[in-house]
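The values are calculated or read from the model by the stated rules, or taken from the named source; none is laboratory data. Small disclaimer: the values here were computed from a predicted structure and weren't measured. Counting neighbours? That spans all protein chains shown, and the Cβs are built from the backbone with ideal geometry, glycine included.
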Amino acid sequence: MKGRKVAVVGMGGVFPDCKDLLDFEQKLFSNQSLIRSWDKPLSYGKQVRSSVAGYITEAEVNLEPVTSSLVEGYPESYIDLLNRIPDRNLATADIGSIWAMLSSIDAIKMAGWNNSEVESEQTGVVVGSGSCGNEIQRIAWHNFFELGKKTRTVGAHTVDRGMVYREAANVSCLIKNRGVCEAMGSACATGLGNIGYAYRLISFGLQDRIVAGGSEGTALETFLGFDGMQVLSRGFEPHQSSRPFDKDRNGFVCSFGTGIVCLEAYDIAKARGANILGVIDSYFNNSDGDGDMFAPSFSGQKRLWKGLLNDTSLRTDVVKVHGTSTPTGDAVELLSVVDTLGDKGFQIAAPKSQFGHMLGAAGAVEFITAILMLKRQEVLPCLNSDNLNPELETFQTVDSWSGPKEPLLYYRDLLKQEVFSKEINSVACLNYGFGGTNSAMLVSKDN
Amino acid sequence: MERKEIIDGLVEILQTVRTIDQEKLKDIKEETDFIADLKTPSTEMINIAAKAEQKFDLEFDDDDIDDLGSKVRDFVDLIIKTKANS
């Protein structure tokens, strides 16, 4: 089904150990890691297995929590020390929603939309979160269940600060758009899934412009859930902890952040003279269909590529992989990529090697890195992919395996460990999530 | 407890509610309406009531909170009534 062309006209975000988008860009393209040792899990000693993360403190975003006098440790609201967001909007927002609002302000400013355009019935907000943990809910429930306090002691904002589409709702209340306001949820594919859904709404003519993306606010509760699953990286220095494709990788680095982009019907953006950062050529998503909640699926990813390229002449110069640094996930992903595209003519970028896995924000923040690669004509690296497995993966040795018969080391040339220059006309973005969900988007330069 | 003392205590609570225009607290009277005059979001009323319970060391009856009006006078009356019954 051929719809309208969709342009990317603005972007903004909140990133670990970065002041702003420009700082994020400069650090990424100088091969830096944004991963640090985190004092919060460390304070729990041996209760917690891992201690590195891409965390962001309130102070780093110029926010100050207002602690309730009724509930110990409960941030009943926040003070924006730079006066970017009105108190009325801060009162209904958890930290991830505040980041989404800040990022939306920056993205809309970059897009150059005026108030009439922002407040239009043709303007939507589609922003989601992985919502794996929430400090506000934990403290509120503890106050009720463990301390026996009345429900009213936590005030009236546990629902609006905890509901599944809280980021979208808070952004919408801030910018006062009159179009759709929704959140897609697909675990670690959420960020790209929201941008993909927004793309479809515009492409199919239902909206003209959308603020879209994903947000995952810093929450120790989120980190602890994955720590309990034993899936987080440990045993490396912080900057070496996220090592997609390296044979010694042992888990992902839990990170937090927000990525927001402004999408607009291409013809409308072009007519008003907008600076077009990229054009979305295709979006496709599917499910593995094998009944497995966690394991990646080679056949599911192969079908993803088929749907993305849709038998057209679309091609890609860079594949921005999901690349989490988990043992099985990276191997299956690399093999599905080369089985589709071959082993030459493109490069692989693995931005999680630099900032970890931002969960529900990952796909959106990594989409922003794709736009930055298009802008700079530089490919982001696969940091720490020092040694690739020279042996076949176990799953490659079984009779039923239908994919490539080469070990990961064979594809060394696709995985550079430093930023390098290259002509980039298009980037394919891949993200997957628990439940066997897969998302892919192709974005290109405006020609 | 004097009504003036209760109002002063309420103002101290309102000074912690960031969604209320602090300038308007300078001229607060018993007839002042939290919602109409102070532009307090209705969702903040329960937060103010809970903080009043803490400040004046009492616990309102749930029915009384359901029936509570939005004027300063209503809060003062409820605090005096609850104190008397405790």
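How many of the residues making up the range B:27-41 are within 21 Å of A:Pro86 (Cβ to Cβ) and away from chain A (no Cβ under 14 Å)?
From the range B:27-41, those within 21 Å of A:Pro86 (Cβ to Cβ) are B:34-41; that's our starting set.
Retained after the next criterion (residues that are away from chain A (no Cβ under 14 Å)): B:36-37.
Residues that pass the stated criteria total 2.
Would you tally the residues in the range A:235-279 being small (Gly, Ala, Ser), in contact (Cβ under 8 Å) with a residue 60 or more places away in the chain and closer than 30 Å to A:Asp39 by Cβ?
Quick first cut of the range A:235-279, residues small (Gly, Ala, Ser) only: A:235, A:241-242, A:251, A:255, A:257, A:259, A:265, A:269, A:271, A:273-274, A:278.
With the extra rule that they be in contact (Cβ under 8 Å) with a residue 60 or more places away in the chain, the set shrinks to A:241-242, A:251, A:255, A:257, A:259, A:265, A:269, A:274, A:278.
Still in the running and closer than 30 Å to A:Asp39 by Cβ: A:241-242, A:251, A:255, A:257, A:259.
Residues that pass the stated criteria total 6.
Is there a residue being at pLDDT 95 or above, within 19 Å of A:Val319 (Cα to Cα) and not in a loop (DSSP other than H, G, I, E, B) anywhere in the range A:378-386?
The answer is yes; a qualifying residue exists.
Using the structure shown, decide if A:Glu135 is more than 14 Å from every other protein chain (Cβ to nearest Cβ), closer than 25 Å to B:Ala50 by Cβ, touching a Gly at 6+ places or on another chain (Cβ under 9 Å) and of a type in the set (D, E, K, R).
Numbers: more than 14 Å from every other protein chain (Cβ to nearest Cβ): yes; closer than 25 Å to B:Ala50 by Cβ: yes; touching a Gly at 6+ places or on another chain (Cβ under 9 Å): yes; of a type in the set (D, E, K, R): yes.
Yes; evaluated as a whole, the condition is true for this residue.
(1) within 9 Å of chain A (Cβ to nearest Cβ); (2) modelled with pLDDT of 95 or more: which one isn't true of B:Glu44, the others all being true?
Just one mismatch for B:Glu44, condition (2).
Only one of A:Leu308, A:Leu335 is buried (at least 20 other Cβ atoms within 10 Å of the Cβ), under 21 Å from A:Gly433 (Cα atoms) and touching a helix residue (DSSP H, G or I) at 6+ places or on another chain (Cβ under 8 Å); which?
On the way: A:Leu308 fails: touching a helix residue (DSSP H, G or I) at 6+ places or on another chain (Cβ under 8 Å).
Going through A:Leu308, A:Leu335 in turn, just one is buried (at least 20 other Cβ atoms within 10 Å of the Cβ), under 21 Å from A:Gly433 (Cα atoms) and touching a helix residue (DSSP H, G or I) at 6+ places or on another chain (Cβ under 8 Å): A:Leu335.
I'd like to verify a number: residues in the range A:87-115 that are within 14 Å of chain B (Cβ to nearest Cβ), assigned to a helix (DSSP H, G or I) and touching a residue at least 24 places away in the same chain (Cβ under 8 Å), how many? Explain how you work it out, then say what you get.
So the first thing to find is which residues in the range A:87-115 are within 14 Å of chain B (Cβ to nearest Cβ), and the list is A:87-93, A:98.
Right, trim to assigned to a helix (DSSP H, G or I) and you get A:87-90, A:98.
If we keep only those that are touching a residue at least 24 places away in the same chain (Cβ under 8 Å) as well, we get A:89, A:98.
Looking only at that region, the number is 2.
Spot the failing condition for A:Lys5; the list is (1) under 21 Å from the mean Cα position of the chain (by Cα); (2) in contact (Cβ under 8 Å) with a residue 40 or more places away in the chain, and only one is missed.
(1)
Does the range A:52-81 hold any residues that are assigned to a strand (DSSP E or B) and within 14 Å of another protein chain (Cβ to nearest Cβ), and which are they? Before you say what the answer is, go through the steps one by one.
Just the residues of the range A:52-81 that are assigned to a strand (DSSP E or B), to begin with: A:52-54, A:63-67, A:75-80.
Answer for the range A:52-81, where residues must be assigned to a strand (DSSP E or B) and within 14 Å of another protein chain (Cβ to nearest Cβ): A:Leu63, A:Glu64, A:Pro65, A:Val66, A:Thr67, A:Pro75, A:Glu76, A:Ser77, A:Tyr78, A:Ile79, A:Asp80.
Mind telling me which of the residues A:Arg161, A:Arg200 ends up being in contact (Cβ under 8 Å) with a residue 60 or more places away in the chain, assigned to a loop (DSSP other than H, G, I, E, B) and either among the basic types (Lys, Arg) or closer than 18 Å to A:Phe256 by Cβ (or both)? Step through it out loud before you land on a result.
Working: A:Arg200 fails: assigned to a loop (DSSP other than H, G, I, E, B).
The unique qualifying residue is A:Arg161.
What number of residues in the range A:221-262 are surrounded by fewer than 24 Cβ atoms within 10 Å (Cβ to Cβ) and at positive phi?
Counting residues in the range A:221-262 that are surrounded by fewer than 24 Cβ atoms within 10 Å (Cβ to Cβ) and at positive phi gives 2.
Quick one: which residue in A:Arg49, A:Arg84 is surrounded by 15 or more Cβ atoms within 10 Å (Cβ to Cβ), away from chain B (no Cβ under 14 Å) and more than 30 Å from A:Leu232 (Cα to Cα)?
Numbers: A:Arg49 fails: more than 30 Å from A:Leu232 (Cα to Cα).
Exactly one residue qualifies, and that residue is A:Arg84.
Do we find a residue being closer than 15 Å to A:Thr151 by Cα, touching a helix residue (DSSP H, G or I) at 6+ places or on another chain (Cβ under 9 Å) and within 14 Å of chain A (Cβ to nearest Cβ) anywhere in the range B:65-85? Even if it seems obvious, please write down each step before you answer.
Going through the range B:65-85, the residues closer than 15 Å to A:Thr151 by Cα turn out to be B:65-66.
Restricting the remaining residues to those that are touching a helix residue (DSSP H, G or I) at 6+ places or on another chain (Cβ under 9 Å) gives B:65.
Now narrow it down to the ones that are within 14 Å of chain A (Cβ to nearest Cβ): B:65.
Looking through the range B:65-85, at least one residue is closer than 15 Å to A:Thr151 by Cα, touching a helix residue (DSSP H, G or I) at 6+ places or on another chain (Cβ under 9 Å) and within 14 Å of chain A (Cβ to nearest Cβ).
Check the range A:166-180 and report whether any residue there is under 22 Å from A:Lys270 (Cα atoms), free of Cβ contacts under 8 Å to residues at least 60 places away in the same chain and among the hydrophobic types (A, V, I, L, M, F, W, C). Don't jump to the end; show me each part of the working.
Taking the range A:166-180 as the starting set, the residues that turn out to be under 22 Å from A:Lys270 (Cα atoms) are A:177, A:179.
Now drop any that are not free of Cβ contacts under 8 Å to residues at least 60 places away in the same chain, which leaves A:177, A:179.
Keeping just the survivors that are among the hydrophobic types (A, V, I, L, M, F, W, C) gives none.
No, every residue in the range A:166-180 fails to be under 22 Å from A:Lys270 (Cα atoms), free of Cβ contacts under 8 Å to residues at least 60 places away in the same chain and among the hydrophobic types (A, V, I, L, M, F, W, C).
Please give the number of the condition B:Asp57 fails out of (1) surrounded by fewer than 16 Cβ atoms within 10 Å (Cβ to Cβ); (2) touching a Ser or Thr at 6+ places or on another chain (Cβ under 7 Å).
Condition (2) is where B:Asp57 drops out.
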